[in-house]
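*Asks:* Would you mind keeping the following structure in view while I ask a few things?
The values are calculated or read from the model by the stated rules, or taken from the named source; none is laboratory data. In this text, all values refer to a predicted model and were calculated from it rather than measured experimentally. Here the Cβ positions follow ideal geometry from the backbone for every residue, glycine too, while neighbour counts run over all protein chains shown.
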Amino acid sequence: MFTQITNLLLQVFVSVLAGACLLRCYLQWLSFNLGAGQSKSIGTYLLPLTNWIVIPLRKILPSMGRFDSASFIAAYLLMMAKAFALSVIAGFNLELIPLGMFALFDLVDLAVSGLVGLTLASVILSWISAGSQIQYLVSLLIEPLLMPIRKVLPNMGALDLSPLALLLGLQILQIVLANLR
């Protein structure tokens, strides 16, 4: 019971922090201005949540073009710390390679789950809150993934099946990851 409660709390805490680091990495990839000085910007919430781990890492890990390596490694290190903490609590053998692989699978699973959430949010917001600032932001995040799918799928007028195809692909990826783990 203690292990399950600790697992839940660590999962929530680390998922929020690592997810924020991954979002920061993705936003830099999209060349999005986080606007630390702007009010009501996503950067207002994202930067304070991630600066404590990203800024020290950035001193030793420079960005590679548009890829924010410090944010990505920060997310990986958070997942690694969670895997290490859970293995200590559960009394498992602490081998670095399997622990690192488990953390990597966890990180990819977190990214895929985040994309599923963004896709669902995009669809729902397009129905109920079209034109809002949050709908614009979610569309900005999900559009790069939907554009290649739209090029392949036939045009069905007002019916856009690309989010459904993306969700299907993401769920297949989650099944593959679960079986590889």
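Results for (1) of a type in the set (Gly, Ala, Ser); (2) more than 22 Å from Leu115 (Cα to Cα); (3) outside the structural domain of Ile134 (by TED's automatic domain parsing), shown as yes or no for each residue.
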{"position": "Asn7", "(1), (2), (3)": "no, yes, yes"}
{"position": "Ala18", "(1), (2), (3)": "yes, no, yes"}
{"position": "Ile42", "(1), (2), (3)": "no, no, yes"}
{"position": "Ile53", "(1), (2), (3)": "no, yes, yes"}
{"position": "Ser69", "(1), (2), (3)": "yes, no, yes"}
{"position": "Leu77", "(1), (2), (3)": "no, no, yes"}
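*Asks:* Consider Leu140 carefully, then state whether it is surrounded by 13 or more Cβ atoms within 10 Å (Cβ to Cβ) and either out of contact with any Cys (no Cβ under 8 Å at 6 or more places or on another chain) or closer than 23 Å to Ala165 by Cα (or both).
*Replies:* It is true that Leu140 is surrounded by 13 or more Cβ atoms within 10 Å (Cβ to Cβ) and either out of contact with any Cys (no Cβ under 8 Å at 6 or more places or on another chain) or closer than 23 Å to Ala165 by Cα (or both).
*Asks:* For residues that are in contact with a helix residue (DSSP H, G or I) (Cβ under 8 Å, 6 or more places away or on another chain) and over 26 Å from Leu104 (Cβ atoms), tally how many sit in region 153-179.
*Replies:* Residues that pass the stated criteria total 5.
*Asks:* If you check Gly100 against the conditions, is it free of Cβ contacts under 8 Å to residues at least 24 places away in the same chain and in a helix (DSSP H, G or I)?
*Replies:* When the stated conditions are applied, Gly100 passes them.
*Asks:* Going by what's in this entry, would Ile142 be described as touching a residue at least 24 places away in the same chain (Cβ under 8 Å) and assigned to a helix (DSSP H, G or I)?
*Replies:* Yes.
*Asks:* Of the residues Phe13, Phe32, only one is surrounded by 13 or more Cβ atoms within 10 Å (Cβ to Cβ), closer than 18 Å to Ala111 by Cβ and not assigned by TED's automatic domain parsing to the domain that holds Gly114; which?
*Replies:* Phe32
*Asks:* When Ile42 is evaluated against the numbered criteria (1) farther than 12 Å from Ala20 by Cα; (2) crowded, with 17+ Cβ neighbours inside 10 Å; (3) under 15 Å from the mean Cα position of the chain (by Cα), which criterion, by number, is the only one it fails?
*Replies:* (1)
*Asks:* Return the only residue of Ala81, Ala165, Ala85 being closer than 26 Å to Gln28 by Cβ and in a helix (DSSP H, G or I).
*Replies:* That would be Ala81, the only listed residue that is closer than 26 Å to Gln28 by Cβ and in a helix (DSSP H, G or I).
*Asks:* Scan region 1-54 for residues that are closer than 24 Å to Arg66 by Cβ, in contact (Cβ under 8 Å) with a residue 12 or more places away in the chain and either small (Gly, Ala, Ser) or in a helix (DSSP H, G or I) (or both) and report the count.
*Replies:* 21
*Asks:* Still on this structure, I have one more. I'm checking my understanding of the structure. Among residues of region 136-174 that are over 16 Å from the mean Cα position of the chain (by Cα) and among the charged types (D, E, K, R), which one is modelled with the lowest pLDDT?
*Replies:* Asp160
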